[in-house]
Amino acid sequence: MKSLKNLKNWKYQKLLKNNHYNFKRNYVLKHLPSAFITNAYKSISSWKNYKVTPLLSLDKLKKNLKFNNIFYKDESKRFHLKSFKALGGAYAVERISKGKKNIVISSATAGNHGRSVAWGAKRLNLKCKIFVSQYVSQTRVREIEKFGAEVIRVKGNYENSLEECKRLSKKNNWQIVQDVSTKNYKYIPQLTMAGYSIIIKEISKQTNHYITHIFVQAGVGGLAAGVVAGVAKYFKKIPKIIVVEPDRADCVLQSIKTNKLKKIRIKKESIMGGMSCNEMSFVPWQILKKTSDYCVSVTDNNVAKMTAMLKDKKLSKVSITGSECATPGVIALIGLANNLKARKLLDLKEDSNILVIGCEGNADVKFYKQLLSKGRK
Ligand SMILES: Cc1ncc(COP(=O)(O)O)c(C=O)c1O
């Protein structure tokens, strides 16, 4: 346990209580209908190679922080795609193609979503065009190309790649599959979130403990909203929902604070690339504004260290492959547990059963290796 002594110095960055919290199952299931959730589970669980991802125990950390359980849902094992995103885009592709073989799927992505869409198209033998900005790494591009998709690089940022995707898709009659919703674009993102809700369906069968706290990371909020919808449908008791973000991209925290969907300015990108988002998706905003109890932000400082700790069995008996986006939940938990006031506020106690979502493995192998060696220094 000696190696965990240093954790005492870990801190979170910001903590915000949601003054508009009012968790109602019906409200959540109005924004992500129950039938979507049921259908997603029915379809995805019948796919070839479907396997429930492991619910691991961070048993060394739980002893150190004095909690009853800290569960880690290991999405690095999701369909060999190494991320929860495998559940979203690929499922949306299946639903919207409705068995047709002559359609072309398109999407703009920062990486993981596009991989899922490309994989979903390949499963169904559909052509696929994926648009990426100049900032998406070549490793991520290759991962997408592995599934037979054509990758189109667009100068500028994610928004530029989305614009180009829309322009060419309209011109060529390609079917766009985005995971980010707006007021007028809800159905396909709702399908992706319904896919993510499977995570909670599985957990409801993997443990008899009532989960008391869920730490879920957010970029645009799709994963968090899918998790909340799963909770509304499958959990008997509603746990505290704690949304975790990089401090450099805290668009959920800022939106909850002002009770308005807020676009923020990112001055410097976080190394948690999948979460470096400046504005929430519309449906997740509708859901999270009423259902997240707390928002917490963390810096990038301990991301590499956490990656190494997970791999080197410092927190658990088994070695865990969790890359940058898999770390902030655990980092936030440690920071909050170190602060007596925060511990009390969040009701983090010796009988707490905490869940963190290990949302990705080494999806970008090269970057993961760099993180590991930095974290081991
Ligand atoms: C690995 C990973 N984790 C978390 C997120 C955040 O998910 P969301 O944008 O749905 O909130 C992303 C988004 O791309 C991601 O790729």
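Every read-out reported here was derived from the displayed coordinates using simple, explicitly stated rules and does not represent laboratory data. Since we're looking at a predicted model, the values are computed, not measured. Positions of Cβ are generated from backbone atoms using ideal geometry, with glycine treated the same way; all protein chains shown enter the neighbour counts.
Annotations
- Fraction of antiparallel bridges per DSSP, the chain only, in percent to nearest 5: 20
- Region 1-114 - Rg over Rh from alpha carbon coordinates, Kirkwood radius: 1.07
- Ranking Ile264, Thr139, Gly88 by Cα position along the charge dipole of the chain, where only Lys, Arg, Asp and Glu carry charges on their C-beta atoms, puts Gly88 farthest toward the positive end.
- Cα Rg, Dmax (largest Cα-Cα span) when computed across region 234-377, Å: 15.8, 44
- Taking a sphere under 14 Å around the Cβ of Val132 and counting the other residues whose Cβ falls inside, with K and R at +1 and D and E at -1, yields a net charge of -1.
- Coordinate range of the alpha-carbon atoms in region 37-104 per principal axis, descending: 56, 22, 17 Å.
- Each 5 Å bin, from zero up to the one with the longest distance, holds this percent of the alpha carbon pairs of region 135-188: 4, 16, 21, 28, 21, 9, 2.
- In this Cβ point-charge picture (+1 for Lys and Arg, -1 for Asp and Glu), region 89-178 has a dipole of about 320 debye about its Cα centre.
- In plain terms, if you count all Cα to Cα distances in region 293-361 and split them into 10 Å steps from zero, the share in each step is 19, 50, 29, 1 percent.
- Loop-located chymotrypsin sites (Phe, Trp or Tyr not before Pro) in region 110-210 (DSSP state not H, G, I, E or B) with no more than 12 neighbouring Cβ atoms inside 10 Å: Tyr210.
- Each principal axis of the Cα cloud of the chain was taken in turn, and the coordinate range along them, longest first, works out to 58, 47, 41 Å.
- Of the residues Leu65, Leu126, Ser204, the one whose Cα sits farthest towards the positive end of the charge dipole of the chain is Leu65 (charges of +1 on Lys and Arg Cβ, -1 on Asp and Glu Cβ, taken about the Cα centre).
- Think of each Lys and Arg Cβ as +1 and each Asp and Glu Cβ as -1; about the Cα centre, that makes the dipole of the chain roughly 260 debye.
- Value of relative contact order over the chain, rounded to a whole percent, pairs C-alpha under 8 Å and six or more apart: 24
- Trypsin sites (Lys or Arg not before Pro) restricted to DSSP loop in region 104-194 with at most 15 other C-beta within 10 Å: Lys146, Lys155, Lys183
- Largest mean-square fluctuation among Asn278, Asn22, Asn353, in a Gaussian network model of the chain whose springs join Cα atoms under 10 Å apart, belongs to Asn22.
- Using bins of 5 Å that start at zero, the share of Cα-Cα pairs per bin across region 53-199 amounts to 2, 10, 18, 20, 18, 12, 7, 5, 4, 3, 1, 0, in whole %.
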